Amino acid sequence: MTDRSPIPDASDITDITDINITDIVHFPPRAAWAPERSGYALWRGSAIQAERILRKAAADPATLLQSLLFPALMVLLFWVVLDRPVSAHSGESNAFGMVPMFALIGAMSGASISGLGLRRERTSGLLARTWVLPVHRASAMIGRLLSEAVRILITVAAVLAVGAVIGFRIHTGLPGALGILAVALGFGLSFSVMVTALALLRPESRLVEWIAGGTNLAMFFNTGFVPADAYPAWLRPVVEYQPLSCAVEAIRGISTGGQVLGPALTTAAWSVGLLAAFSGPAVAGYRRASTTR
């Protein structure tokens with residue numbers, strides 16, 4: 001560890017030339033520097049970006065409310081109102097549908113809030129200032145995805161904990177718990193990439209707000225809300241094969257030891273499709289938002 005010189009007192013300075021910048025700003029040793037395009041610079045920059053975003057989210061009541069408190073409270077509310085009639089209709093506890101549904105809804109709602117924050121960073125010029133820093137170009141996007149992954153895992157874990165209170169159980173043990181987190185993570189990250197691409201489409205775009213509204217609407221048209229056969233016949237295929245229903249059924253199958261392969265493959269197909277469709281636009285939009293005013 002290098003010794004640091006004490007910062008000179010202002011009363012001791014008689015000439016501006018007496019100031020040595022290294023006495024005030026302590027740079028790391030040159031041997032510790034890494035090229036901007038190196039793997040270490042990518043990891044270091046991504047970790048810093050992820051930490052910045054997570055700290056900002058933790059200090060934002062709206063993000064905490066939408067990502068954690070809202071889905072947890074909705075689990076309890078829907079259980080009180082709907083558990084008995086829906087469980088009587090389906091023959092099994094509706095907790096195995098409601099809990100996965102609200103875990104995924106929480107991940108989706110948090111992504112929408114994050115998209116709104118990204119748009120504010122664009123209009124405030126923060127993205128442009130970050131772009132000119134001597135860091136790896138990809139670290140900003142990767143750091144944002146890392147922060148989204150952490151947020152999704154925390155949201156899902158919190159909802160599962162609340163679900164345990166109303167009877168949700170993972171009968172497949174630790175492998176099942178890891179499988180649930182993997183499904184939620186893949187689904188949530190692909191949705192987040194889509195939101196990021198649409199948030200950066202144009203500064204005046206309101207697509208993110210529409211997506212947030214659509215997320216709340218999807219809550220009432222999936223198999224976690226009520227079984228598919230409770231919907232009209234003409235609407236049933238749409239409800240069964242929309243991405244939220246596929247992910248809910250995959251988590252339901254993992255937790256109960258039921259059918260997993262079909263719903264998991266359909267969920268993976270939706271996730272891969274969203275990533276293929278929106279990864280390029282998200283990267284291009286980030287570059288455009290960072291280099292133009």
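The values are calculated or read from the model by the stated rules, or taken from the named source; none is laboratory data. This one's a predicted model, so the numbers in the text were calculated from it and none came from an experiment. When we count neighbours, we look across all protein chains shown, and the Cβ atoms used for this are built from the backbone with ideal geometry, even at glycine. These accessible areas exclude ligands, DNA and RNA; they are computed on the full protein's heavy atoms, side chains included. Shrake-Rupley method; radii C 1.70, N 1.55, O 1.52, S 1.80 Å.
In table form, for the structure just shown:
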read-out	value
Criterion (under 18 Å from A247 (Cα atoms), modelled with pLDDT of 85 or more and not aromatic (F, W, Y)) met by exactly one of A107, A140	A107
Checking I254 against (1) hydrophobic (A, V, I, L, M, F, W, C); (2) surrounded by 18 or more Cβ atoms within 10 Å (Cβ to Cβ); (3) closer than 30 Å to R119 by Cα; (4) at pLDDT 90 or above, the condition it does not meet	(3)
Among (1) exposed (fewer than 13 other Cβ atoms within 10 Å of the Cβ); (2) touching a residue at least 40 places away in the same chain (Cβ under 8 Å) - the single one P232 does not satisfy	(2)
Filter pass, L201 being open to solvent by 50 Å² or more (accessible area, probe 1.4 Å) and touching a residue at least 60 places away in the same chain (Cβ under 8 Å)	yes
Residue ranges of helices (runs of 4 or more DSSP H) in the stretch 36-119 with at least 1 members over 30 Å from P203 (Cα atoms) and in contact (Cβ under 8 Å) with a residue 40 or more places away in the chain	70-90
Residue match in the stretch 270-293 (condition: among the aliphatic types (A, V, I, L, M), surrounded by fewer than 19 Cβ atoms within 10 Å (Cβ to Cβ) and within 24 Å of F96 (Cα to Cα))	no
Condition broken by F225, with the remaining ones in (1) aromatic (F, W, Y); (2) open to solvent by 70 Å² or more (accessible area, probe 1.4 Å); (3) over 22 Å from the mean Cα position of the chain (by Cα) satisfied	(2)
Residue within the stretch 187-208 that is modelled with pLDDT under 90 and touching a Phe, Trp or Tyr at 6+ places or on another chain (Cβ under 7 Å) present	yes
Residue in the stretch 104-121 that is loosely packed, with under 15 Cβ neighbours inside 10 Å and farther than 19 Å from T223 by Cβ present	yes
Meets criteria (modelled with pLDDT under 95, open to solvent by less than 40 Å² (accessible area, probe 1.4 Å) and out of contact with any strand residue (DSSP E or B) (no Cβ under 7 Å at 6 or more places or on another chain)) for G262	yes
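Residue-wise test of (1) open to solvent by less than 60 Å² (accessible area, probe 1.4 Å); (2) farther than 21 Å from F102 by Cβ; (3) of a type in the set (G, A, S); (4) without any contact (Cβ under 8 Å) to a residue 24 or more places away in the chain.
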residue: G214; (1), (2), (3), (4): yes, no, yes, yes
residue: Y241; (1), (2), (3), (4): no, no, no, no
residue: V248; (1), (2), (3), (4): yes, no, no, no
residue: T267; (1), (2), (3), (4): yes, no, no, no
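Yes/no per residue for (1) modelled with pLDDT under 85; (2) surrounded by 18 or more Cβ atoms within 10 Å (Cβ to Cβ); (3) under 16 Å from I251 (Cα atoms); (4) out of contact with any Gly (no Cβ under 8 Å at 6 or more places or on another chain):
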{"position": "L69", "(1), (2), (3), (4)": "yes, no, no, yes"}
{"position": "L76", "(1), (2), (3), (4)": "no, no, no, yes"}
{"position": "D83", "(1), (2), (3), (4)": "yes, no, no, yes"}
{"position": "A88", "(1), (2), (3), (4)": "yes, no, no, yes"}
{"position": "N94", "(1), (2), (3), (4)": "yes, yes, yes, yes"}
{"position": "P100", "(1), (2), (3), (4)": "no, yes, yes, no"}
